[in-house]
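The values are calculated or read from the model by the stated rules, or taken from the named source; none is laboratory data. All of these numbers come straight from a predicted model, not from anything done at the bench. Cβ coordinates were reconstructed from backbone atoms using ideal geometry, including for glycine residues, and neighbour counts include every protein chain displayed. Heads up: the accessible areas ignore ligands, DNA and RNA and are worked out on the full protein's heavy atoms, side chains in. Shrake-Rupley method; radii C 1.70, N 1.55, O 1.52, S 1.80 Å.
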Amino acid sequence: MATTPDGQNVYAEAVATGLWREIPVFRMLLGTCPTLAVTAAIKPALTMGLCVIFVLVCSNIMVSLMRKGLRPHVRILLFTLTIATFVTIADLFLRAYQPVMSEALGPYVPLIIVNCVIIWRAEARASNSGVLLSIVDGLAMGVGFTIALCVLATIREVLGTGCLFEIPVLPKAFPAWAAMGMPVGAFLTFGLVLGFINYVSRKRS
Amino acid sequence: MDLLYVLLTGFISVVLINNLVFTKFLGICPYIGVSGRIDMAFGMGLAVTFVMTLSGTLTWMIDHWLLMPLNLEVARYVAFIMVIAAAVQLVEMYLKKFFPPLYESFGIFLPLITTNCAILGLCLFLVVWGTSTLIEAVVLSFGGGIGFTIAICIMAGIRENMQMVDVPESLRGAPITLITAGLLALAFMGFAGII
């Protein structure tokens with residue numbers, strides 16, 4: 001089995017990188033637009049996460065398959081076109097089977113095309129690794145991204161409406177913080193969570 | 001007069017009330033990345049305004065005159081991203097050849113703009129808002145760029161002053177920028193009543 005220079009299994013390394021070491025939203029600050037826009041409640045966040053996983057895995061497979069024929073100057077263009085195709089598929093699928101969610105997410109589904117996470121993985125992993133490793137990498141990064149979205153969405157939905165998955169979880173006496181559902185809440189929650197993560201990693205090192 | 005009224009309210013709305021950064025969360029990456037110094041921020045804002053006006057207009061034309069008559073809405077996203085990439089490339093080559101000083105001052109920003117979600121986002125929002133005339137599309141995309149410039153310049157001004165402030169170590173950099181952006185978003189909500 002292939003190993004990294006420091007003797008670690010490449011697949012384990014890819015999973016660890018995606019889920020913690022370089023978790024896209026919190027560590028690399030990539031894909032911030034959807035992170036802020038769709039995290040007002042956990043349902044859209046989860047839908048968004050699943051769409052990103054689908055697009056990321058598919059585009060990683062495609063890029064990995066055509067990595068031998070890539071030329072530097074058309075590389076980014078090809079990546080973008082591949083991603084745009086899969087995003088169109090995801091968008092049509094969502095519109096057909098989850099019309100309410102599709103309505104709620106609106107243009108943020110097509111905006112996955114310019115989500116830097118996907119092009120970053122195409123560039124950093126898929127364009128120089130085999131198909132299997134690219135799939136594992138896409139899954140790990142996608143799940144890492146989804147986890148980050150869900151963390152923010154949970155905080156915002158619980159504090160903003162007192163519910164989780166639209167089921168009440170907090171006592172009725174709790175005054176819902178309407179601001180958490182607004183843009184203000186998005187920026188503040190993301191900023192504070194980032195600060196908290198920095199604090200924890202500084203304590204540990 | 002009627003058209004002028006529509007255009008003016010549309011412009012004010014997209015600059016202040018539906019500001020791309022504060023209400024639509026578009027263009028957050030450059031917003032955090034390039035808002036360290038006010039001259040850089042202004043350069044980025046100008047480059048974005050320029051490309052946004054151009055690509056907003058072009059994608060509107062392609063959408064209404066090519067894709068819609070042919071029932072090719074399926075290809076909308078692919079077409080849009082192609083147009084934006086091509087527009088950025090053209091602008092870059094044109095500036096390099098004819099306006100070298102301007103090209104120098106835009107520098108690294110131009111290629112970065114292709115993947116700036118504000119550009120594609122605005123083109124998609126033009127579809128969502130049901131923009132029906134060309135002039136409206138031009139004004140709204142220009143307004144979107146101006147809104148972005150205003151937002152990034154305000155943030156750069158605040159961040160220049162923030163260098164003299166003792167921010168808790170864990171919050172330095174991106175976290176405090178996001179928190180500041182949150183407070184600015186709160187302030188911009190105050191504009192909601194002006195139209």
* Structure fact -> region A:169-205 scanned against label point 7 Å out from residue B:162 along Cα→C-beta; backbone N under 15 Å for A:187-196
* Structure fact -> Expressed per residue, the solvent accessible area of region A:10-204 in Å² (1.4 Å probe) is about 44
* What aspartates and glutamates could a cross-link reach from residue B:97, if we take a straight Cα to Cα line under 14 Å and drop same-chain neighbours fewer than 8 places away? -> none
* To do: Evaluate peptide A:63-76: per residue, the Cβ atoms of other protein chains within 10 Å of its Cβ; return the mean as an integer.
  => 0
* Asked: When you take every Cα atom in region A:22-116, what is the radius of gyration, and what is Dmax, the widest Cα pair distance, in Å?
  -> 14.1, 42
* Helix B:117-128 vs. chain B, principal-axis angle (Cα, 0 to 90°, nearest 10) -> 40
* Asked: What accessible area, summed over both chains, is buried at the A-B interface (1.4 Å probe, Å², nearest 100)?
  -> 3100
* Decide, for chain A, between rounded, prolate and oblate: order the square roots of the alpha carbon gyration tensor eigenvalues as a ≥ b ≥ c, take rounded if a/c falls under 1.5, and otherwise choose prolate if a/b is larger than b/c, else oblate. => oblate
* Structure fact -> Note: A:110-120 gets an average of partner chain Cβ contacts (10 Å, Cβ to Cβ) equal to 4
* Per residue, how much accessible area does region B:39-161 have with a 1.4 Å probe, in Å²? -> 44
* Structure fact -> In debye to the nearest 20, the charge dipole size for the protein assembly as shown, taken about the Cα centre with +1 at each Lys and Arg Cβ and -1 at each Asp and Glu Cβ, equals 700
* Would you please state the base-10 log of I(q)/I(0) at q = 0.20 1/Å for region B:39-161, with intensities from the Debye formula using one equal scatterer on every alpha carbon? => -1.08
* Summarise the accessible area of the protein assembly as shown (1.4 Å probe, protein heavy atoms) by the percent that is carbon and sulfur. => 71
* Whichever lysines have a C-alpha closer than 30 Å to that of residue B:24, once near sequence neighbours (fewer than 8 apart) are set aside -> A:43
* Sequence of A:68, B:96 from largest to smallest accessible area, 1.4 Å probe -> A:68, B:96
* Extension gain residue A:196-residue A:19, at 0.36 nm per residue separation less the Cα-Cα distance, in nm? -> 62.0 nm
* **region B:1-84: C-alpha gyration tensor shape, a/c 1.5 cut-off, then a/b vs b/c** => oblate
* **Computed label-point distance, nm, for sites residue A:132 and residue A:9 using a 7 Å Cα→Cβ extension** => 1.1
* **Largest-first ordering by accessible area, 1.4 Å probe, given options B:132, A:102** => B:132, A:102
* To do: Give me the Debye-computed log₁₀ of I(q)/I(0) at q = 0.08, 0.09, 0.11 Å⁻¹ for the protein assembly as shown, equal point scatterers on Cα only, no solvent, two decimals.
  => -0.43, -0.55, -0.84
